[in-house]
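Here the structure is laid out as structure tokens; the discussion comes afterwards.
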Amino acid sequence: MFITITDVNEEEARDIAKQIVEENVGDKGLTLLINNAGMARPVAFPNLTAENLEVHFKTNAVAPILLLQVGAFSFAGDSCGASNSSEMSASRAMVLNITSMAGSIERTGKELKMDLVVPGYKMSKAAFNMGMRVIAANVKDKGVLVVNMCPGWVKTDMGGHERAMLTVEESISTMLKTLGELNDTHHGTFMDRSANLYPF
């Protein structure tokens with residue numbers, strides 16, 4: 001069963017998703033949650049506005065964290081109670097957070113310079129990565145694998161059709177292959193679509 005939420009900013013939509021999950025999976029719990037919300041509105045420093053920063057944070061960081069918080073109790077990993085973290089896997093219970101290498105604080109201004117035109121996006125993704133790292137630490141004993149993954153520069157409306165390096169199919173096929181290889185050693189990490197680690 002697949003459930004899609006078109007606007008994660010709406011509390012009602014998050015509550016409806018929770019209800020649908022509960023009605024369909026019952027005590028078995030949710031196997032996979034993909035946090036793929038994202039938006040970018042380029043406004044470079046020193047022309048930033050509070051509105052630009054707020055809309056990035058609301059969509060890219062706050063909403064997906066609240067979505068996970070709403071449904072955190074109903075993951076499949078919880079159904080067995082506390083478990084050894086070595087049992088974590090994508091086939092059991094997982095939160096896959098689609099993030100961006102633009103959220104790396106360490107690489108900003110060094111090798112990552114082109115994306116400086118969207119500081120609101122960068123800051124919100126860094127906050128998102130940190131938020132999910134905090135959540136990962138909180139659910140480690142519940143058997144729920146939490147991973148932050150950058151899909152690469154993909155030819156989407158937001159990514160830019162002309163300049164992006166990857167097609168949607170190329171990115172997704174690699175990510176799907178990687179998911180099957182993830183385990184407890186990847187819990188709370190920030191990686192690319194092939195499981196190569198990024199610095200936070």
Kindly establish whether residue 5 is in a helix (DSSP H, G or I) and either touching a Gly at 6+ places or on another chain (Cβ under 8 Å) or modelled with pLDDT under 90 (or both).
no
Can you tell me how many residues in the stretch 141-180 are of a type in the set (A, V, I, L, M), surrounded by 20 or more Cβ atoms within 10 Å (Cβ to Cβ) and more than 21 Å from residue 75 (Cβ to Cβ)?
1
Per-region count, the stretch 6-65, residues open to solvent by 80 Å² or more (accessible area, probe 1.4 Å) and closer than 19 Å to residue 126 by Cβ
6
Is there a residue being assigned to a helix (DSSP H, G or I), in contact with a His (Cβ under 8 Å, 6 or more places away or on another chain) and surrounded by 15 or more Cβ atoms within 10 Å (Cβ to Cβ) anywhere in the stretch 129-140?
yes
Please verify whether the stretch 115-129 includes one or more residues that are under 18 Å from residue 38 (Cβ atoms) and of a type in the set (Val, Ile, Thr).
yes
Of 102, 61, which residue is in contact with a Gly (Cβ under 9 Å, 6 or more places away or on another chain), modelled with pLDDT of 90 or more and assigned to a helix (DSSP H, G or I)?
61
Cβ-Cβ under 8 Å pairs, at least 6 apart or on other chains, the stretch 16-31 side touching a residue at least 40 places away in the same chain (Cβ under 8 Å) and under 24 Å from residue 147 (Cβ atoms), far side aliphatic (A, V, I, L, M) and open to solvent by 60 Å² or more (accessible area, probe 1.4 Å):
17/3; 21/3; 25/1
Examine the stretch 113-124 for a residue that is open to solvent by 40 Å² or more (accessible area, probe 1.4 Å), in a helix (DSSP H, G or I) and within 22 Å of residue 194 (Cα to Cα), and state whether such a residue exists.
no
Selection from the stretch 96-111 of residues that are open to solvent by 20 Å² or more (accessible area, probe 1.4 Å) and free of Cβ contacts under 8 Å to residues at least 24 places away in the same chain:
108, 109, 110, 111
Complete set of residues in the stretch 143-196 that are in a helix (DSSP H, G or I) and closer than 16 Å to residue 96 by Cα
171, 172, 173, 174, 175, 176, 177, 178, 179, 184, 185, 186
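The values are calculated or read from the model by the stated rules, or taken from the named source; none is laboratory data. Computed from a predicted structure; not experimentally measured. Backbone-built Cβ (ideal geometry, glycine too); neighbour counts: all protein chains shown. Accessible surface is based on the protein model in full, side chains and every heavy atom, while ligands, DNA and RNA are left aside. Shrake-Rupley method; radii C 1.70, N 1.55, O 1.52, S 1.80 Å.
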